[in-house]
Amino acid sequence: MKLFISADIEGCAGLAIPAEAHKQEAVYRAFAQEMTKEVLTVCEAAREMGATEIVVKDGHGDASNIDPLQMPDYVRLIRGKSGHPYNMMWGLDTGFDGVLYVGYHAPAGNPEFSISHTSTGNSLYIRLNGEYMSEFMLNTLTAASLGVPVLFLSGDEAICGLAKGQVPKIETAVTKKGTGGATICEPQGIVLERIRSGVKKALGRDFSSCLVELPGQFTYEVTFKDWKKAYQMSFYPGMEKVDTFTNRLVTDSWMDVVTAHCFVVY
């Protein structure tokens, strides 16, 4: 069994304020260690369930958060950014049996986690076919375009609920719950046990129930916080200006969407 893990940091246990996700801040190191620990827990549980090969993509910031020296010999860790539009999913191909997400979080525009965002802080929100687009939604459709099912997600309560809405059979592990600017954090030990148990449940099921169907057409809309950024990105090929803050791209190609996203929100 060959598995792909896409890992972020904001949805990991305990993290609640922006500084904790930023490498230049002193508080960051503890949460990079927690990200590493949660990824290791997923790998160990997957190994116990029969995984023979695991690829982990570090998906946060400059993608150098997970400690590579702690990875087991059956894991290959992808660090840094290739520049490919798949971004957090770079390294995934049709040869994988499933995808697992670690440390994911609520999307831009969602009030249920204090540092909700989608990819960067440049957008007020992003809509895809009329729904707020999370990194989970973006990456799950990339997996769908390759015919790979998404099996597990850990993160805040809001993204776990949204994941269930998109993929009803996905297994989730809640790490915390946000209300306004506050975050109610679950104890680390409970989170790690939820992750371990959730991965085992996910890998003990029929994977085909977690395979998402790719829509035939995509309407991708970005509402920026800064009208100057919106103006500049309205010149991206295929984009049309909707209003002062919003641009829209309509296409039947998923690669068009991920490529546009890679350029216009960064």
Per principal axis, largest first, the Cα atoms of the stretch 1-152 extend in Å by 40, 39, 27
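Give me the percent of DSSP beta bridges within the chain that run antiparallel, rounded to the nearest 5. Before the final figure, lay out each step's value.
Values: 20 of 43 bridges.
Approximately 45 percent, going by the DSSP bridge assignments.
Using a simple charge model, +1 on the beta-carbon of Lys and Arg, -1 on the beta-carbon of Asp and Glu, nothing else, what dipole does the stretch 30-187 show about its Cα centre, in debye to the nearest 20?
Around 320 debye, computed over the stretch 30-187.
Can you give me the Rg/Rh ratio for the stretch 161-266, using Cα atoms for both radii and the Kirkwood formula for Rh? Don't skip to the end; give the middle numbers.
Numbers: Rg = 19.1 Å, Rh = 17.2 Å.
That ratio equals 1.11.
Please list ASP93, ASP58 in order of solvent-accessible area, largest first, computed with a 1.4 Å probe with all protein chains present.
Details: ASP93 65, ASP58 0 Å².
So the residues, ranked largest to smallest area, are ASP93, ASP58.
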Could you compute how much accessible surface LEU40 exposes when probed at 1.4 Å, giving the result in Å² to the nearest 10? 20 Å²
Rounded if a/c is under 1.5, else prolate if a/b beats b/c, else oblate: with a ≥ b ≥ c from the C-alpha gyration tensor eigenvalues square-rooted, which is the stretch 27-93? oblate
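Given Cα pairs under 8 Å that are at least 6 residues apart, what percent is the relative contact order of the chain? Mind showing how you got there, number by number?
Working: 576 pairs, mean separation 53.6, N = 266.
Rounded, it is 20 percent for the chain.
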Dipole of the stretch 121-245, positive end: most advanced residue of THR219, GLY238, GLY121 [Cβ charges, Cα centre]: GLY121
Can you compute the modelled spin-label distance between ALA182 and LYS81, with each label point 7 Å from Cα toward Cβ, in nm? 3.5 nm
Helical contribution to [θ] at 222 nm, DSSP H n ≥ 4, -39,500 (n - 2.57), averaged over the chain, rounded to 500: -9000 deg cm²/dmol
Exposure rank, largest accessible area first [MET239, MET133; 1.4 Å]: MET239, MET133
Cα axis of helix 28-48 to longest principal axis of the chain: angle in degrees, 0 to 90, nearest 10? 60 degrees
Between GLN166 and SER253, the FRET efficiency computed from the C-beta separation at R0 = 30 Å comes out, to the nearest 0.05, as 0.90
Under 12 Å between alpha carbons, and skipping anything fewer than 8 positions from LYS241 in its own chain: which aspartates and glutamates qualify? GLU221
Would you work out if the stretch 127-217 is rounded, prolate or oblate? Take a ≥ b ≥ c from the square roots of the eigenvalues of the alpha-carbon gyration tensor; rounded if a/c is under 1.5, else prolate when a/b is larger than b/c, oblate otherwise. oblate
So if we plug the beta-carbon distance of LYS200 and LYS225 into 1/(1 + (r/R0)^6) with R0 = 41 Å, what FRET efficiency do we get, rounded to 0.05? 0.50
Taking one equal scatterer on every alpha-carbon of the chain, how large is log10 of I(q)/I(0) by Debye at q = 0.11, 0.13, 0.14 1/Å? -0.56, -0.79, -0.93
Lysines whose Cα lies under 21 Å from that of LYS23, excluding same-chain neighbours fewer than 8 positions away: LYS37, LYS57, LYS81
Rounded to the nearest 10 Å², what accessible area does PHE96 show when all protein chains are kept and the probe is 1.4 Å? 10 Å²
Please report the carbon-and-sulfur percent of the accessible area for the chain; probe 1.4 Å, protein heavy atoms only, DNA, RNA and ligands left out. 53 percent
Got a number for the accessible area of TYR231? Probe 1.4 Å, square angstrom, nearest 10. 130 Å²
Dipole magnitude of the chain about its Cα centre (Cβ charges: Lys, Arg +1; Asp, Glu -1), debye to nearest 20: 100 debye
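Where only protein heavy atoms count, and the probe is 1.4 Å, what is the accessible area per residue for the stretch 58-167 in Å²?
Details: 3780 Å² over 110 residues.
Each residue of the stretch 58-167 exposes 34 Å² on average to a 1.4 Å probe.
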Ordering ARG127, ARG205 by the accessible surface of their heavy atoms, 1.4 Å probe, largest first, yields ARG205, ARG127
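For the stretch 191-245, what does the alpha-carbon gyration tensor say about shape, rounded, prolate or oblate, given a ≥ b ≥ c as the root eigenvalues, a/c under 1.5 as rounded, and a/b over b/c as prolate?
On the way: a/c = 5.74, a/b = 2.26, b/c = 2.54.
Because a/c hits 1.5 or more and a/b fails to exceed b/c, the stretch 191-245 counts as oblate.
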On a 0 to 90 degree scale, rounded to 10, what angle separates helix 135-145 from the longest Cα axis of the chain? 80 degrees
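The values are calculated or read from the model by the stated rules, or taken from the named source; none is laboratory data. Please read all numbers here as calculations on a predicted model, not as lab measurements. Virtual Cβ from ideal backbone geometry, glycine too; neighbours counted across all protein chains shown. Accessible surface is based on the protein model in full, side chains and every heavy atom, while ligands, DNA and RNA are left aside. Shrake-Rupley method; radii C 1.70, N 1.55, O 1.52, S 1.80 Å.
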